[in-house]
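Read the structure below first, then the notes.
Derivation of every value follows stated rules applied to the coordinates shown; laboratory data play no part. Please read these numbers as outputs of a predicted model, since none were measured by experiment.
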Amino acid sequence: MVVGINNAGGRVYISTEEEAGRRILTDYAGMLSAGADEGFVARASNRGDFGEGKFAPCNGVVGCLDCQFRAAGKYGALPFHLHLRNVSVDPSARRRGVAAALVDAAERRAREEGAGSVTLEVEDSNSGAIALYEKLGYTIDTLGNLNAQSKYGRVVFGRGIMTKLL
């Protein structure tokens, strides 16, 4: 099951629901009220699905994604869009559709808000992630060229930016 929470900061940290609630209220209160980031959490539907109760202390959480809506023109020439910042799935839960479910939830949220596309940055060497995003309909463009600077507002060597039109 995938549930969404509003979040801020560089990552989504989850342990138990109670601890997560305290962390979000304490660490991210200012950003939450500003609505800067959004996060999604994936849970194992059956605690035995992944690692014999390994995820019981964190209420079954096996993966998370945090993202940020970005205004038109704030990042190069891109229109209003959703940028996926971090996607993390526990190694024992990989290749089971967790990341795809998290990305799908974020894309649904982007459509609800009227975003025309979703972007993400990925290390050029992360062939597994690139293959997953391509399977989900994303196309890759290099950030290591000067044309990227005007399009995306930055140049970063060793990384690509992937985009999906919604």
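Numbers for the structure displayed
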| read-out | value |
| --- | --- |
| Rounded if a/c under 1.5, otherwise prolate or oblate - the range 89-140, Cα gyration tensor axes | oblate |
| Amide H partners (placed H, <5 Å) of Asn86, local residues excluded | Asp66 |
| Phi-based couplings in Hz for the range 135-140 (Karplus 6.51, -1.76, 1.60; Gly and Pro marked x) | 4, 7, x, 8, 10, 10 |
| Contour minus Cα-Cα distance for Ala131 and Gln68 (0.36 nm per residue) | 20.4 nm |
